[in-house]
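Each value in this text was obtained by applying a stated rule to the coordinates, not by laboratory testing. None of these values were measured; they are calculated from a predicted model. Please note: Cβ atoms are built from the backbone with ideal geometry, for glycine as well, and neighbour counts cover all protein chains shown.
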Amino acid sequence: MRTAKSEIITHSPEDTRELAKELASNLKPPKLIALFGELGAGKTTFVQGFAEYFGIKTVRSPSFTLINEYKNSVKIYHVDLYRIEDAGELYPAGFFDLIQDKNAFVLVEWPEKIQDVVKFDVMVYIFHLDELSRKIKFQFI
């Protein structure tokens, strides 16, 4: 990453996407990535930037589908757990199978709902500062 700081301030959605591209450029699959942040913090914007690094241009929130899969030079699974109550709901969706995919990145929004049953490789914390600015912290496990 461009800085040894544990937190970075972005000042626009474009900055957030660029930071996510930078993270993507420094990782190799498989990686399970947790995205923490309140509603509207920029988690999906972050995933968009991450996917853009790999040439994937159309990323939409999986709020209603639970899991979106994207493929180009790598596979990316974008998971949104906002609507689930507990990890048991993820078995029918195949979540526990896809996190075994050695050629994929799995980015999970609302990971606090399952962090007691899976081990994440990277934790990304996104804090909403104002309409455009975000504070983003990374923790590499």
| task | Taking the Cβ of each residue in TYR77, TYR82, TYR125 as the centre, tally the other Cβ atoms inside 10 Å and list the residues starting with the fewest. | result | TYR82, TYR125, TYR77
| note | Stokes-Einstein, Kirkwood over Cα pairs, the chain, 20 °C, 1.002 mPa s; D in µm²/s equals 143
| field | Unit charges on C-beta of K, R, D, E only; dipole of the chain, Debye | value | 520
| query | Using Cα atoms only, what is the angle between the long axis of helix 43-53 and the major principal axis of the chain, expressed in degrees (0 to 90) to the nearest 10? | reply | 80
| field | Cα lying deepest toward the dipole's positive end in the chain, options ILE141, ASN26, LEU129, charges on Cβ | value | ASN26
| query | Quick one: which of 83-91, 42-50, 132-140 comes out on top by average Cβ neighbours within 10 Å, and what's the full order, highest first? | reply | 42-50, 132-140, 83-91
| message | Could you work out how much longer the chain between VAL118 and LEU39 gets when fully extended? Use 0.36 nm per residue separation minus the Cα distance between them, nm to one decimal. | response | 26.2 nm
| query | If the viscosity is 1.567 mPa s and the temperature 4 °C, what translational diffusion coefficient in µm²/s does Stokes-Einstein give for the range 80-141 when Rh comes from Kirkwood over Cα pairs? | reply | 97
| message | Only counting other Cβ atoms within 10 Å, I'd like LEU32, LEU107 sorted with the fewest neighbours first. | response | LEU32, LEU107
| said: How much of the DSSP bridge set in the range 67-119 is antiparallel, in percent, rounded to the nearest 5? | reply: 45
| field | Zone residues, the range 104-141, relative to ASN26, backbone N less than 14 Å from point 7 Å out along Cα-to-Cβ | value | 122-125, 136-141
| query | Between SER6 and LEU129, what FRET efficiency comes out of the Förster formula 1/(1 + (r/R0)^6) with R0 = 25 Å and r the beta carbon distance, rounded to 0.05? | reply | 0.95
